[in-house]
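**Q** This structure is in C-alpha cells; I'll ask about it shortly.
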Amino acid sequence: MPPPTGLAARAFERAMSLNLENIGSALAAATPRTLLDVGCDDGDRTIELARRAGASEVFGVEAVAERAEAARRRGIEVVVTDLTTGLPYAESTFDAVVSNQVIEHLHDTDSFVSECARVVRPGGVVVTSTENLASWHNLVALLCGWQPFSLTNVSRVTSGLGNPLALYRGLPHTQPETWQHIRVFAYRALRELFEAHGLVVESILGAGYYPLPAAVGLRDPRHAAFITAIARRPSV
C-alpha cells in the first residue's frame, strides 16, 4: 500500500515523529542494558530506540515472519509468535519492554500487559504507545456520525472504513490481518489497564493534536492523537 500524501499525511508524520521522541526519551531515562520490543516489525524503529536508550542487548517479538526476518538482518534477536499467547522469556528478563502501535491490534490486551509486566525486571519500565480514542479528531468524527479515525482499519477488504477523511480511504487492504485495529484506548483506560496488572504508571505523554501543531499534544495528552504510558514494575 503506498504511503498517503497531502496535509493530513504530513500532520500524521509530525505527530508520529513526536510520539517516537516521547518513547525514546522515556527509554533513555530508564538507561536499560536489555531491551525487548514487542511487535518490532522490521526492526528499523527498534534499532533507533535501542540507540537512544543505550541498550546493548536488543530483542524483539513479531507476529509476521517476513517482518521478523527483516529485523534479524538488522541484528535484533527476534522470536516469531502470537503476541497474546505469552512471551517466550523467563520472568524478570529485561530492563525495559517497549511497544509502539501494537496494543490496538490485539484481542487479548490483558494477556499482553500481564506478559510485559512479567518479563520486565522489578524496577524496570514498560513503555507502551498507542492511538488515543479520545483524541479530538476521533471525537469530531463520531459527532459527524463517522467511524473514528483510529477504528477505520477493521476490514480485510478495504481501508478507511466509515470515514470519508481517513488517510487510506478506499484503497485495497493489502496488509496482514494482524494489522487491523481491534481495541483503542483512551487516556484513563490505558492507565487503569496497566495499574490492574500491578504496574505503577508514572506518566502518560501525548503527541499530535490535529489540526493544531503536534506539540500541543504534550500539554493535553488526554486529547492528543497518540498517548504513551510509562509504567514501572514495583521493586518489591
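**Q** Being closer than 26 Å to H107 by Cβ, in contact with a strand residue (DSSP E or B) (Cβ under 8 Å, 6 or more places away or on another chain) and not charged (D, E, K, R) narrows it down to one of A53, A70, A63, so name that one.
**A** On the way: A53 fails: closer than 26 Å to H107 by Cβ; A70 fails: in contact with a strand residue (DSSP E or B) (Cβ under 8 Å, 6 or more places away or on another chain).
Being closer than 26 Å to H107 by Cβ, in contact with a strand residue (DSSP E or B) (Cβ under 8 Å, 6 or more places away or on another chain) and not charged (D, E, K, R) holds for just one of A53, A70, A63, which is A63.
**Q** Taking interchain pairs and intrachain pairs at least six residues apart, which have beta carbon atoms under 9 angstrom, with the first residue in segment 202-223 and free of Cβ contacts under 8 Å to residues at least 60 places away in the same chain and the second part of a strand (DSSP E or B) and among the aromatic types (F, W, Y)?
**A** So the pair list comes out as V216/Y209; R219/Y209; D220/Y209.
**Q** Taking into account only those residues within segment 50-87 that are among the basic types (K, R) and touching a helix residue (DSSP H, G or I) at 6+ places or on another chain (Cβ under 8 Å), which is farthest from V98 (Cα to Cα)? Even if it seems obvious, please write down each step before you answer.
**A** Start the filter on segment 50-87 by keeping residues that are among the basic types (K, R), which leaves 51-52, 67, 72-74.
Retained after the next criterion (residues that are touching a helix residue (DSSP H, G or I) at 6+ places or on another chain (Cβ under 8 Å)): 52, 74.
Working: R52: 13, R74: 18 Å.
Per the criteria, the residue is R74.
**Q** Another question, if that's okay. Of A207, A229, which residue is aliphatic (A, V, I, L, M), surrounded by 17 or more Cβ atoms within 10 Å (Cβ to Cβ), over 24 Å from D82 (Cα atoms) and touching a helix residue (DSSP H, G or I) at 6+ places or on another chain (Cβ under 8 Å)?
**A** A207
**Q** Still on this structure, I have one more. Would segment 153-166 turn up any residue that is over 16 Å from the mean Cα position of the chain (by Cα), closer than 13 Å to E104 by Cβ and not acidic (D, E)?
**A** Yes: segment 153-166 contains one or more residues that are over 16 Å from the mean Cα position of the chain (by Cα), closer than 13 Å to E104 by Cβ and not acidic (D, E).
**Q** Here's another thing I want to ask about it. Cβ-Cβ under 6 Å, sequence separation 6+ or interchain: first residue in segment 84-101 and in contact (Cβ under 8 Å) with a residue 12 or more places away in the chain and closer than 18 Å to E57 by Cβ, partner among the charged types (D, E, K, R) and in a loop (DSSP other than H, G, I, E, B). Which pairs?
**A** Close Cβ pairs (under 6 Å, with a partner that is among the charged types (D, E, K, R) and in a loop (DSSP other than H, G, I, E, B)) amount to D95/R33.
**Q** Which is in contact with a Gly (Cβ under 6 Å, 6 or more places away or on another chain), of a type in the set (A, V, I, L, M) and outside any loop (DSSP other than H, G, I, E, B), of V58, V98, V78?
**A** Of the residues listed, the single one that is in contact with a Gly (Cβ under 6 Å, 6 or more places away or on another chain), of a type in the set (A, V, I, L, M) and outside any loop (DSSP other than H, G, I, E, B) is V78.
**Q** Given (1) hydrophobic (A, V, I, L, M, F, W, C); (2) surrounded by fewer than 17 Cβ atoms within 10 Å (Cβ to Cβ); (3) farther than 26 Å from A166 by Cβ, identify the lone condition not met by A8.
**A** A8 satisfies every listed condition except (3).
**Q** A further question on this structure: Could you please find all residues in segment 135-162 being part of a loop (DSSP other than H, G, I, E, B), at pLDDT 95 or above and surrounded by fewer than 20 Cβ atoms within 10 Å (Cβ to Cβ)?
**A** Matches in segment 135-162: C144, G145, W146, Q147, G162.
**Q** May I pose another question? Being out of contact with any Phe, Trp or Tyr (no Cβ under 8 Å at 6 or more places or on another chain) and outside any helix (DSSP H, G or I) is the filter; apply it to segment 103-122 and report the residue that is surrounded by the most Cβ atoms within 10 Å (Cβ to Cβ).
**A** Filtering segment 103-122 for residues that are out of contact with any Phe, Trp or Tyr (no Cβ under 8 Å at 6 or more places or on another chain) and outside any helix (DSSP H, G or I), the one surrounded by the most Cβ atoms within 10 Å (Cβ to Cβ) comes out as D108.
**Q** Moving on to the next point. Across segment 216-226, which residue is surrounded by the most Cβ atoms within 10 Å (Cβ to Cβ) among those that are closer than 19 Å to Q101 by Cα and not aromatic (F, W, Y)? Step through it out loud before you land on a result.
**A** Initial filter on segment 216-226 (closer than 19 Å to Q101 by Cα): 217-218, 221-226.
So of that shortlist, the ones also not aromatic (F, W, Y) come out as 217-218, 221-225.
Values: G217: 28, L218: 17, P221: 22, R222: 14, H223: 21, A224: 31, A225: 26.
Among those residues, the one meeting the criterion is A224.
The values are calculated or read from the model by the stated rules, or taken from the named source; none is laboratory data. All values derive from a computational prediction rather than experimental measurement. No Cβ is skipped: glycine too gets one built from the backbone with ideal geometry, and neighbour counts run over all protein chains shown.
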